[in-house]
């Protein structure tokens, strides 16, 4: 287990190294000189000279790369061209919103998806099964941003059950420690702030959750069907074990393995979906920051963002791999 | 030559002549497809979508993005259905039905081109990896792994940042995400066939590897590739809309796009919710059509994969 983690972390370092090389080459491959590219339209001769000095563009290329690498290792991703804010600072302000939303969606999808998939498989061909199969197809073909708009219109605008946008009511004077608003409220014991953040999270989480929900339901159903026909389940039934014990220990435990694999692979889709959902509900997450950066060619932000996501993505998949070991002891042995 | 061909089982998973007398696998697949109601629904939707996209200038009641009736749109209201405009106007004062019909066009063009590019590049990589093997295989598959590990949105953002916002960069962004899927598919298909008797027989007859791969193994991979391409078109349609929803779409506002129609509709969600409803339904139904058709094709070409 430990060797797996060490090997994967070593691989991650290697990938990041390659990625940093690519990103370095990327900004240098831009037409015109890099200082002008970094400064954008605001470039003045004095500004270009300053950037050349700061990033060392007048030095040999390999030395420039080493400097860049050194800055990254120290956690210095540079500052945004547009706002002048250090990229890292903005990440820590914005990313919690995106992660909070993704986690809420994921929890919703797991809590609903696994029981639904299980029940559908148990009563194969029944009305619930048909509804689940049809529903998961809908979940795949209805774009998350359309679902978000629909939910916003029906439940927020028409029925007024939920707020239409934002993460928290502006009238609430909440203290922000971690920028995870729900958690902040709990930490500072401002229960109303926490509750309000949670209420703001409901619609975006349902919309975003539709992606992993459809997939979790499908995979759980298929894999429970697979396991149910296995010999060991028949043996367990023959032994006279109670149905609850069979489903928990013998069916679900085996069936959840493929589910956790797919969850890791879905991390990217979840992130893309989160950015789309944020747009609909005007959530100040990573989405709007990223798209400002794209439209204004804010290279330090884009470089930092790509590296950051690569790390998060690799770590998520590592956690998923480790979780196999917890769910399935056979993996630990091999 | 004919003797060699006789050795090669024709397309999808060999030797499954289940009933149907002397019919080839393609023909029996066609028969299974015709008997699958979900597949027929999918095929009809896809056909309609393609027809609407191709015949847009004939079907649309007006020219797109004219803003001809801009005067009728007020800050607080958008005219709904009337005799002249069956679905009403959009918020720029163009005919909504016309915009929807032309929207099918951009979805189809971008979807098909990007899938074709993704398929071509991915297939080439997959064939090289699976056909040559050795270090070529290792290098290509590591590359594919890296490509697969990048979230598609990030890929799209990078391409858009690199090439600027244009239809070409949208297509490239979408196909870049598809390359690894097709590469893996073809490699797996070639590897699965490598040990099969007919390949061994061809090799013992002295055929060169390239001829075996291109002339005999590749045609057998056509089925799974066709299925994947159909399913990929569904994602491509959604992806096109997602990118333009995020503002990465075609920078030319005169091009009608379902994703962009959804974005602009949001400002008037409380006055004219149908502005969002129609393009959203159009995207979902199109994606549904390709998904149903793809799933039905999969079941028809490989009966064992059925649920």
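From most to least packed by mean Cβ count within 10 Å, the peptides A:156-162, A:240-246, B:111-117, B:283-289 give B:283-289, B:111-117, A:156-162, A:240-246.
Most mobile of B:257, B:68, B:84 per a Gaussian network model of chain B (Cα springs, under 10 Å)? For chain B, modelled as a Gaussian network with Cα springs under 10 Å, the answer is B:84.
Spin-label model, residue A:6/residue B:254: points 7 Å from Cα along the beta carbon direction are separated by 6.5 nm.
For chain B, the longest principal axis of the Cα atoms and the long axis of helix B:152-163 meet at an angle of about 70 degrees. The packing ranking, built from the mean of other Cβ atoms within 10 Å per residue, places the peptides A:12-25, A:91-104 in the order A:91-104, A:12-25, highest first. Mean per-residue shielding of peptide B:270-281 is 3, counting Cβ atoms of other chains within 10 Å of each Cβ.
A protection proxy built from the mean count of other Cβ atoms within 10 Å ranks the segments A:76-87, A:202-213, most packed first, as A:202-213, A:76-87.
Quick check on the range A:92-333: take the gyration tensor over C-alpha atoms, sort the square-rooted eigenvalues as a ≥ b ≥ c, and tell me if it's rounded (a/c under 1.5), prolate or oblate. Present the calculation step by step, with values, prior to reporting the outcome.
Values: a/c = 2.00, a/b = 1.68, b/c = 1.19.
Prolate, because a/c is 1.5 or more and a/b exceeds b/c.
Axis angle, to the nearest 10 degrees, between helix A:127-141 and the longest C-alpha principal axis of chain A: 10 degrees. Angle of helix B:25-34 to the longest C-alpha principal axis of chain B, folded into 0 to 90 degrees and rounded to 10: 30°. With helices as the sole contributors, the protein assembly as shown gives -23000 deg cm²/dmol at 222 nm; each DSSP H run of n ≥ 4 counts as -39500 (n - 2.57), and the sum is divided by every residue. Label sites at residue B:132 and residue A:234, each approximated as a point 7 angstrom past Cα along Cα to Cβ, lie 4.9 nm apart.
Mind checking the mean number of beta-carbon atoms from other chains within 10 Å of the Cβ atoms in A:279-292?
Working: counts 5, 5, 0, 1, 0, 0, 0, 0, 2, 1, 0, 5, 5, 1.
Partner-chain Cβ atoms within 10 Å, mean over residues of A:279-292: 2.
When chain A is treated as a Gaussian network with alpha carbon springs shorter than 10 Å, the biggest mean-square fluctuation among A:233, A:199, A:182 belongs to A:233.
Per-residue mean of foreign Cβ neighbours for A:145-157 is 5 (Cβ atoms of other chains, 10 Å radius). Based on the alpha-carbon gyration tensor of the protein assembly as shown and its eigenvalue square roots a ≥ b ≥ c, which shape applies: rounded if a/c is under 1.5, prolate if not and a/b is larger than b/c, or oblate? Verdict is rounded for the protein assembly as shown. Which residue, B:123, B:236, B:201, tops the fluctuation ranking in a GNM of chain B built on C-alpha contacts under 10 Å? Of the options given, B:201 has the highest mean-square fluctuation.
No value in this document is a laboratory result; all are computed from the given coordinates. It should be emphasised that the depicted structure is a prediction, and the values quoted were computed from it without experimental measurement. All Cβ positions, even for glycine, are placed from backbone atoms using ideal geometry, and neighbour counts span all protein chains on display.
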